[in-house]
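First comes the structure, then the notes that go with it.
The values are calculated or read from the model by the stated rules, or taken from the named source; none is laboratory data. From a predicted model like this one, the values you see are computed outputs, not experimental measurements. Here Cβ is always computed from backbone atoms with ideal geometry, including for glycine, and neighbour counts include all displayed protein chains.
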Amino acid sequence: MVKERIFSGMQPSGRFHLGNYMGALENWVKLQHEYECFFSIVDLHALTSSYADTSKLQDNVREMAIDWLSAGLDPESNTIFVQSHVKEHAELCLLLGMSTPLSWLERVPTFKDKIQQLSTQGKDLRTYGFLGYPVLMAADIMLYKATRVPVGEDQAAHLELTREMVRRFNSLYHVDLFPEPQAVYSKAKTLPGIDGRKMSKSYGNTIPFGASPKELQERINMMITDPERIRKTDKGHPDVCIVYQFQKVFNTEESENICNMCKNGEIGCVQCKRKLGEKMNALLADIHLRRTELEKKPDYIKEILDEGAKKAQAVASKNMAEIKKAMNIY
Ligand code: AMP
Ligand code: TRP
(Lines give C-alpha, C1' and ligand atoms only; values in the text may rest on other atoms or scores of the structure.)
(Ligands and ions follow the chains in the order given, each with its own letter.)
Protein backbone atom coordinates (compact mmCIF):
# COMPACT_ATOMS: atom_id res chain seq x y z
CA MET A 1 0.00 0.00 0.00
CA VAL A 2 1.30 3.44 -0.87
CA LYS A 3 1.54 5.69 2.17
CA GLU A 4 0.21 9.22 2.07
CA ARG A 5 2.88 11.90 2.29
CA ILE A 6 3.38 14.32 5.16
CA PHE A 7 5.41 17.50 5.18
CA SER A 8 5.99 19.63 8.23
CA GLY A 9 8.57 22.10 9.47
CA MET A 10 9.67 24.05 12.49
CA GLN A 11 11.74 27.18 12.78
CA PRO A 12 15.07 26.78 14.54
CA SER A 13 14.68 29.78 16.77
CA GLY A 14 16.16 28.86 20.13
CA ARG A 15 15.73 26.33 22.84
CA PHE A 16 12.84 24.00 22.24
CA HIS A 17 10.35 23.69 25.11
CA LEU A 18 7.77 21.30 26.41
CA GLY A 19 4.97 23.32 24.78
CA ASN A 20 6.54 22.76 21.35
CA TYR A 21 6.83 19.07 22.13
CA MET A 22 3.23 18.61 23.29
CA GLY A 23 1.83 20.89 20.56
CA ALA A 24 3.66 19.48 17.60
CA LEU A 25 6.49 17.02 17.95
CA GLU A 26 4.62 14.41 19.97
CA ASN A 27 2.13 14.26 17.12
CA TRP A 28 4.90 13.81 14.54
CA VAL A 29 6.36 10.93 16.52
CA LYS A 30 2.94 9.25 16.44
CA LEU A 31 2.45 9.81 12.71
CA GLN A 32 5.92 8.84 11.56
CA HIS A 33 5.24 5.18 10.85
CA GLU A 34 1.81 5.64 9.31
CA TYR A 35 2.89 8.11 6.64
CA GLU A 36 5.84 8.86 4.41
CA CYS A 37 7.22 11.86 6.28
CA PHE A 38 9.41 14.83 5.39
CA PHE A 39 10.36 16.90 8.43
CA SER A 40 12.31 20.05 7.77
CA ILE A 41 14.24 22.45 9.99
CA VAL A 42 13.10 25.60 8.22
CA ASP A 43 16.11 27.89 8.57
CA LEU A 44 15.01 30.16 5.71
CA HIS A 45 11.78 30.83 7.57
CA ALA A 46 13.79 31.73 10.67
CA LEU A 47 15.58 34.35 8.55
CA THR A 48 12.31 36.11 7.76
CA SER A 49 12.29 37.50 11.30
CA SER A 50 15.90 37.04 12.47
CA TYR A 51 17.78 38.26 9.40
CA ALA A 52 19.76 40.86 11.32
CA ASP A 53 21.53 38.49 13.69
CA THR A 54 22.36 35.09 12.26
CA SER A 55 25.13 34.28 14.73
CA LYS A 56 23.10 31.57 16.54
CA LEU A 57 21.54 30.02 13.44
CA GLN A 58 23.90 27.03 13.08
CA ASP A 59 23.69 26.22 16.79
CA ASN A 60 19.91 26.43 16.68
CA VAL A 61 19.69 24.11 13.67
CA ARG A 62 21.87 21.51 15.39
CA GLU A 63 19.94 21.80 18.66
CA MET A 64 16.67 21.31 16.83
CA ALA A 65 17.95 18.17 15.12
CA ILE A 66 19.01 16.85 18.54
CA ASP A 67 15.58 17.67 20.02
CA TRP A 68 13.78 15.84 17.23
CA LEU A 69 15.97 12.75 17.42
CA SER A 70 15.87 12.58 21.21
CA ALA A 71 12.07 12.81 21.10
CA GLY A 72 12.03 9.67 18.97
CA LEU A 73 11.83 10.78 15.34
CA ASP A 74 13.41 7.95 13.43
CA PRO A 75 15.85 9.09 10.72
CA GLU A 76 15.67 5.70 9.01
CA SER A 77 11.96 5.80 8.26
CA ASN A 78 11.60 9.59 7.82
CA THR A 79 13.40 12.25 5.85
CA ILE A 80 14.83 14.80 8.27
CA PHE A 81 16.62 17.72 6.66
CA VAL A 82 17.49 21.42 6.66
CA GLN A 83 15.34 23.53 4.30
CA SER A 84 18.19 25.62 2.84
CA HIS A 85 20.12 22.45 1.90
CA VAL A 86 17.53 21.75 -0.80
CA LYS A 87 17.68 24.74 -3.14
CA GLU A 88 14.39 23.91 -4.84
CA HIS A 89 12.54 25.39 -1.85
CA ALA A 90 13.88 28.82 -2.76
CA GLU A 91 13.31 28.25 -6.46
CA LEU A 92 9.69 27.21 -6.08
CA CYS A 93 9.07 30.08 -3.66
CA LEU A 94 10.23 32.50 -6.36
CA LEU A 95 8.05 30.91 -9.05
CA LEU A 96 4.94 30.81 -6.85
CA GLY A 97 5.53 34.42 -5.85
CA MET A 98 4.94 35.48 -9.44
CA SER A 99 1.26 34.59 -9.29
CA THR A 100 0.43 35.16 -5.62
CA PRO A 101 -1.78 38.24 -5.21
CA LEU A 102 -0.45 40.74 -2.69
CA SER A 103 -3.89 40.99 -1.11
CA TRP A 104 -3.79 37.29 -0.13
CA LEU A 105 -0.59 37.88 1.82
CA GLU A 106 -1.63 41.14 3.40
CA ARG A 107 -4.81 39.64 4.78
CA VAL A 108 -3.12 36.75 6.63
CA PRO A 109 -4.24 37.49 10.22
CA THR A 110 -0.80 36.99 11.76
CA PHE A 111 0.90 39.33 9.29
CA LYS A 112 0.15 42.72 10.83
CA ASP A 113 0.07 41.36 14.39
CA LYS A 114 3.53 39.91 14.14
CA ILE A 115 5.01 43.09 12.63
CA GLN A 116 3.57 45.01 15.59
CA GLN A 117 4.63 42.47 18.17
CA LEU A 118 8.21 42.17 16.97
CA SER A 119 8.71 45.89 16.43
CA THR A 120 8.66 46.19 20.24
CA GLN A 121 11.73 43.90 20.25
CA GLY A 122 13.48 46.21 17.81
CA LYS A 123 12.84 43.98 14.77
CA ASP A 124 11.67 45.59 11.55
CA LEU A 125 9.55 43.06 9.70
CA ARG A 126 8.35 45.38 6.97
CA THR A 127 10.36 43.34 4.49
CA TYR A 128 9.73 41.51 1.24
CA GLY A 129 10.87 38.27 2.87
CA PHE A 130 8.46 38.47 5.77
CA LEU A 131 5.49 39.26 3.53
CA GLY A 132 6.44 36.16 1.55
CA TYR A 133 6.58 33.87 4.60
CA PRO A 134 3.41 31.98 3.58
CA VAL A 135 4.64 31.63 -0.02
CA LEU A 136 7.79 29.90 1.23
CA MET A 137 5.65 27.65 3.41
CA ALA A 138 3.43 26.77 0.45
CA ALA A 139 6.56 26.00 -1.59
CA ASP A 140 7.76 23.62 1.17
CA ILE A 141 4.55 21.64 1.06
CA MET A 142 3.94 21.73 -2.69
CA LEU A 143 7.49 20.74 -3.58
CA TYR A 144 6.81 17.28 -2.15
CA LYS A 145 3.14 17.19 -3.23
CA ALA A 146 2.33 16.47 0.41
CA THR A 147 -1.29 15.63 1.19
CA ARG A 148 -1.15 16.03 5.01
CA VAL A 149 0.45 18.72 7.14
CA PRO A 150 0.64 18.26 10.92
CA VAL A 151 0.72 21.69 12.56
CA GLY A 152 -0.64 23.65 15.50
CA GLU A 153 -3.95 25.46 15.01
CA ASP A 154 -2.05 28.75 14.83
CA GLN A 155 -0.99 27.67 11.33
CA ALA A 156 -4.52 27.25 9.95
CA ALA A 157 -4.50 30.49 7.93
CA HIS A 158 -1.14 29.65 6.36
CA LEU A 159 -2.37 26.26 5.33
CA GLU A 160 -5.57 27.67 3.85
CA LEU A 161 -3.41 29.97 1.73
CA THR A 162 -1.37 26.99 0.52
CA ARG A 163 -4.59 25.35 -0.60
CA GLU A 164 -5.58 28.47 -2.52
CA MET A 165 -2.17 28.57 -4.16
CA VAL A 166 -2.51 24.92 -5.18
CA ARG A 167 -5.86 25.62 -6.83
CA ARG A 168 -4.48 28.69 -8.55
CA PHE A 169 -1.43 26.91 -9.96
CA ASN A 170 -3.44 23.94 -11.21
CA SER A 171 -5.96 26.23 -12.88
CA LEU A 172 -3.50 28.77 -14.36
CA TYR A 173 -1.37 26.10 -16.02
CA HIS A 174 -4.19 23.62 -16.75
CA VAL A 175 -2.61 20.77 -14.83
CA ASP A 176 -3.55 18.53 -11.97
CA LEU A 177 -0.10 18.61 -10.47
CA PHE A 178 -0.64 19.42 -6.80
CA PRO A 179 -3.05 17.85 -4.32
CA GLU A 180 -4.77 20.16 -1.81
CA PRO A 181 -3.05 19.45 1.49
CA GLN A 182 -5.10 18.81 4.63
CA ALA A 183 -4.07 19.95 8.10
CA VAL A 184 -3.60 17.36 10.81
CA TYR A 185 -4.06 19.23 14.08
CA SER A 186 -2.57 17.79 17.22
CA LYS A 187 -5.10 17.06 19.93
CA ALA A 188 -2.98 18.61 22.67
CA LYS A 189 -4.25 21.94 23.94
CA THR A 190 -1.94 24.87 24.52
CA LEU A 191 0.35 24.03 27.40
CA PRO A 192 0.62 26.75 30.04
CA GLY A 193 4.00 27.92 31.28
CA ILE A 194 5.10 27.93 34.91
CA ASP A 195 3.35 31.30 35.40
CA GLY A 196 0.03 30.20 33.86
CA ARG A 197 0.31 32.14 30.59
CA LYS A 198 0.90 30.19 27.35
CA MET A 199 4.30 28.49 27.52
CA SER A 200 6.46 30.60 25.26
CA LYS A 201 10.10 31.49 24.85
CA SER A 202 9.25 35.18 24.84
CA TYR A 203 7.62 34.99 28.31
CA GLY A 204 10.57 33.21 29.94
CA ASN A 205 8.11 30.73 31.51
CA THR A 206 9.15 27.54 29.74
CA ILE A 207 10.30 24.12 30.79
CA PRO A 208 13.13 23.28 28.39
CA PHE A 209 12.52 20.07 26.52
CA GLY A 210 15.93 18.62 27.38
CA ALA A 211 15.70 19.60 31.06
CA SER A 212 17.68 17.47 33.50
CA PRO A 213 15.73 15.94 36.43
CA LYS A 214 17.14 18.67 38.70
CA GLU A 215 16.25 21.51 36.33
CA LEU A 216 12.78 20.04 35.86
CA GLN A 217 12.05 19.91 39.60
CA GLU A 218 13.37 23.46 40.00
CA ARG A 219 10.99 24.74 37.34
CA ILE A 220 8.08 22.86 38.94
CA ASN A 221 8.95 24.31 42.33
CA MET A 222 8.61 27.78 40.81
CA MET A 223 5.02 27.14 39.68
CA ILE A 224 2.40 29.34 41.25
CA THR A 225 -0.14 27.50 43.43
CA ASP A 226 -3.34 28.68 45.14
CA PRO A 227 -2.29 32.01 46.71
CA GLU A 228 -4.91 31.67 49.48
CA ARG A 229 -3.39 28.49 50.72
CA ILE A 230 -0.79 29.03 53.42
CA ARG A 231 -0.79 25.88 55.53
CA LYS A 232 -1.06 22.34 54.25
CA THR A 233 -4.34 21.92 56.16
CA ASP A 234 -5.97 24.94 54.45
CA LYS A 235 -8.55 23.86 51.88
CA GLY A 236 -7.09 24.45 48.40
CA HIS A 237 -8.61 25.58 45.07
CA PRO A 238 -6.99 23.38 42.40
CA ASP A 239 -8.75 25.27 39.61
CA VAL A 240 -6.52 28.31 40.13
CA CYS A 241 -3.36 26.23 40.58
CA ILE A 242 -0.82 25.78 37.76
CA VAL A 243 0.52 22.56 39.28
CA TYR A 244 -2.95 21.03 39.02
CA GLN A 245 -3.15 21.93 35.32
CA PHE A 246 0.09 20.05 34.81
CA GLN A 247 -1.12 17.10 36.92
CA LYS A 248 -4.05 16.78 34.51
CA VAL A 249 -1.72 16.57 31.52
CA PHE A 250 1.19 14.56 32.91
CA ASN A 251 -0.34 12.60 35.80
CA THR A 252 -3.82 11.94 34.44
CA GLU A 253 -4.64 8.84 36.53
CA GLU A 254 -3.79 10.43 39.86
CA SER A 255 -4.98 13.96 39.15
CA GLU A 256 -8.55 13.56 40.37
CA ASN A 257 -7.41 12.04 43.62
CA ILE A 258 -4.84 14.81 44.13
CA CYS A 259 -7.53 17.38 43.36
CA ASN A 260 -9.79 16.00 46.11
CA MET A 261 -6.96 15.77 48.63
CA CYS A 262 -6.03 19.39 47.91
CA LYS A 263 -9.64 20.55 48.35
CA ASN A 264 -9.77 18.75 51.73
CA GLY A 265 -6.39 20.04 52.89
CA GLU A 266 -4.89 16.53 52.90
CA ILE A 267 -1.90 17.10 50.59
CA GLY A 268 0.56 19.99 50.71
CA CYS A 269 1.90 21.87 47.71
CA VAL A 270 5.43 20.59 48.25
CA GLN A 271 4.32 16.97 48.12
CA CYS A 272 2.04 17.67 45.15
CA LYS A 273 4.94 19.24 43.26
CA ARG A 274 7.16 16.29 44.09
CA LYS A 275 4.58 13.85 42.70
CA LEU A 276 4.37 15.87 39.49
CA GLY A 277 8.17 15.96 39.22
CA GLU A 278 8.33 12.16 39.46
CA LYS A 279 5.72 11.68 36.74
CA MET A 280 7.24 14.21 34.36
CA ASN A 281 10.64 12.77 34.96
CA ALA A 282 9.47 9.33 33.97
CA LEU A 283 8.52 10.85 30.61
CA LEU A 284 11.49 13.16 30.16
CA ALA A 285 14.40 11.28 31.73
CA ASP A 286 14.94 9.06 28.66
CA ILE A 287 14.74 12.07 26.40
CA HIS A 288 17.28 13.90 28.54
CA LEU A 289 19.62 10.91 28.40
CA ARG A 290 19.34 10.54 24.63
CA ARG A 291 19.89 14.28 24.28
CA THR A 292 23.07 14.15 26.36
CA GLU A 293 24.38 11.28 24.21
CA LEU A 294 23.53 13.00 20.92
CA GLU A 295 25.23 16.21 22.01
CA LYS A 296 28.50 14.29 22.03
CA LYS A 297 28.07 13.20 18.39
CA PRO A 298 28.04 16.24 16.08
CA ASP A 299 29.32 14.12 13.17
CA TYR A 300 26.42 11.72 13.48
CA ILE A 301 23.93 14.62 13.46
CA LYS A 302 25.59 16.06 10.37
CA GLU A 303 25.45 12.69 8.64
CA ILE A 304 21.71 12.38 9.29
CA LEU A 305 21.01 15.87 7.96
CA ASP A 306 23.22 15.28 4.88
CA GLU A 307 21.51 11.99 4.19
CA GLY A 308 18.08 13.64 4.69
CA ALA A 309 18.94 16.44 2.28
CA LYS A 310 19.92 13.87 -0.37
CA LYS A 311 16.63 11.99 -0.01
CA ALA A 312 14.60 15.22 -0.06
CA GLN A 313 16.58 16.54 -3.03
CA ALA A 314 15.77 13.47 -5.12
CA VAL A 315 12.02 14.06 -4.74
CA ALA A 316 12.32 17.85 -5.01
CA SER A 317 14.27 17.86 -8.27
CA LYS A 318 11.90 15.39 -9.93
CA ASN A 319 8.86 17.45 -8.93
CA MET A 320 10.58 20.71 -9.82
CA ALA A 321 11.12 19.45 -13.36
CA GLU A 322 7.37 18.79 -13.69
CA ILE A 323 6.51 22.19 -12.24
CA LYS A 324 8.81 24.02 -14.62
CA LYS A 325 7.52 22.04 -17.54
CA ALA A 326 3.96 23.05 -16.65
CA MET A 327 5.13 26.68 -16.65
CA ASN A 328 7.07 26.34 -19.90
CA ILE A 329 10.44 26.95 -18.29
CA TYR A 330 12.97 24.45 -19.55
P1 AMP B 1 6.71 28.36 17.93
O2 AMP B 1 7.88 28.03 18.80
O3 AMP B 1 5.77 29.31 18.58
O4 AMP B 1 7.09 28.71 16.52
O5 AMP B 1 5.84 27.02 17.80
C6 AMP B 1 6.27 25.81 17.16
C7 AMP B 1 5.17 24.77 17.29
O8 AMP B 1 4.91 24.46 18.67
C9 AMP B 1 3.82 25.25 16.71
O10 AMP B 1 3.22 24.16 16.03
C11 AMP B 1 2.99 25.64 17.92
O12 AMP B 1 1.62 25.39 17.70
C13 AMP B 1 3.54 24.71 19.03
N14 AMP B 1 3.52 25.40 20.35
C15 AMP B 1 4.26 26.46 20.75
N16 AMP B 1 3.99 26.81 22.05
C17 AMP B 1 3.06 25.92 22.48
C18 AMP B 1 2.36 25.72 23.75
N19 AMP B 1 2.57 26.49 24.82
N20 AMP B 1 1.47 24.71 23.81
C21 AMP B 1 1.23 23.90 22.74
N22 AMP B 1 1.84 24.04 21.55
C23 AMP B 1 2.74 25.02 21.40
N1 TRP C 1 5.14 28.20 9.78
C2 TRP C 1 5.38 27.00 10.56
C3 TRP C 1 5.43 27.36 12.06
O4 TRP C 1 5.80 28.45 12.42
C5 TRP C 1 6.69 26.35 10.16
C6 TRP C 1 6.65 25.82 8.75
C7 TRP C 1 7.38 26.26 7.67
C8 TRP C 1 5.84 24.76 8.25
N9 TRP C 1 7.11 25.54 6.56
C10 TRP C 1 6.16 24.62 6.88
C11 TRP C 1 4.90 23.94 8.85
C12 TRP C 1 5.53 23.66 6.08
C13 TRP C 1 4.27 22.97 8.06
C14 TRP C 1 4.57 22.84 6.69
O15 TRP C 1 5.14 26.50 12.90
All but one of (1) more than 25 Å from the chain's Cα centre (by Cα); (2) surrounded by 16 or more Cβ atoms within 10 Å (Cβ to Cβ); (3) of a type in the set (Val, Ile, Thr); (4) at pLDDT below 95 hold for Ile230; state the number of the condition that does not hold.
(2)
Pick from the stretch 175-205 the residues that are within 16 Å of ligand 2 (Cβ to nearest atom) and buried (at least 19 other Cβ atoms within 10 Å of the Cβ): which of them is farthest from Leu118 (Cα to Cα)?
Phe178
What residue, of Ser50, Ser70, is under 19 Å from the mean Cα position of the chain (by Cα), of a type in the set (Gly, Ala, Ser) and within 23 Å of Arg290 (Cβ to Cβ)?
Ser70
Determine which member of the set Asp43, Asp59, Asp74 is farther than 30 Å from Arg197 by Cβ and either within 15 Å of ligand 1 (Cβ to nearest atom) or surrounded by fewer than 19 Cβ atoms within 10 Å (Cβ to Cβ) (or both).
Asp74
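Out of the residues in the stretch 112-130 that are surrounded by 13 or more Cβ atoms within 10 Å (Cβ to Cβ) and of a type in the set (Lys, Arg), state the one that is nearest to Ala52 (Cα to Cα). First the steps, then the outcome.
Of all residues in the stretch 112-130, those surrounded by 13 or more Cβ atoms within 10 Å (Cβ to Cβ) come to 114-115, 117-118, 123, 125, 127, 129-130.
Now restrict to residues that are of a type in the set (Lys, Arg): 114, 123.
Numbers: Lys114: 17, Lys123: 8 Å.
Selected residue: Lys123.
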Hey, Asp286 exposed (fewer than 14 other Cβ atoms within 10 Å of the Cβ) and in the same structural domain as Val61 (by TED's automatic domain parsing) or not:
no
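For the stretch 257-274, what are the residues that are surrounded by fewer than 17 Cβ atoms within 10 Å (Cβ to Cβ) and either within 30 Å of the chain's Cα centre (by Cα) or outside the structural domain of Pro227 (by TED's automatic domain parsing) (or both)?
Pass one, the stretch 257-274, residues surrounded by fewer than 17 Cβ atoms within 10 Å (Cβ to Cβ): 257, 260, 263-266, 270-271, 274.
Arg274, the sole residue that qualifies.
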Cross-chain or 6+ apart pairs with Cβ under 8 Å, the stretch 183-197 first and without any contact (Cβ under 8 Å) to a residue 60 or more places away in the chain, then within 7 Å of ligand 1 (Cβ to nearest atom) and small (Gly, Ala, Ser)
Tyr185/Gly152
When you scan the stretch 11-32, do you find a residue that is more than 15 Å from ligand 1 (Cβ to nearest atom), out of contact with any His (no Cβ under 9 Å at 6 or more places or on another chain) and assigned by TED's automatic domain parsing to the domain that holds Gln313, even just one?
yes
When residues of the stretch 258-297 are filtered for being over 25 Å from Ile207 (Cβ atoms) and in contact with a helix residue (DSSP H, G or I) (Cβ under 7 Å, 6 or more places away or on another chain), how many remain?
1
Does Thr147 fit the bill of being touching a Lys or Arg at 6+ places or on another chain (Cβ under 9 Å) and buried (at least 16 other Cβ atoms within 10 Å of the Cβ)?
yes
Read through the list (1) in contact with an Asp or Glu (Cβ under 9 Å, 6 or more places away or on another chain); (2) within 16 Å of ligand 1 (Cβ to nearest atom); (3) at pLDDT below 95, then give the number of the only condition that Ala52 fails.
(2)
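State which residue is nearest to Asn205 (Cα to Cα) when the search covers only the stretch 1-31 and only residues that are among the hydrophobic types (A, V, I, L, M, F, W, C) and near ligand 2 (Cβ under 10 Å from one of its atoms).
Initial filter on the stretch 1-31 (among the hydrophobic types (A, V, I, L, M, F, W, C)): 1-2, 6-7, 10, 16, 18, 22, 24-25, 28-29, 31.
When the remaining residues are screened for being near ligand 2 (Cβ under 10 Å from one of its atoms), the result is 6-7, 10, 24.
Working: Ile6: 31, Phe7: 30, Met10: 20, Ala24: 18 Å.
Among residues in the stretch 1-31 that are among the hydrophobic types (A, V, I, L, M, F, W, C) and near ligand 2 (Cβ under 10 Å from one of its atoms), the one nearest to Asn205 (Cα to Cα) is Ala24.
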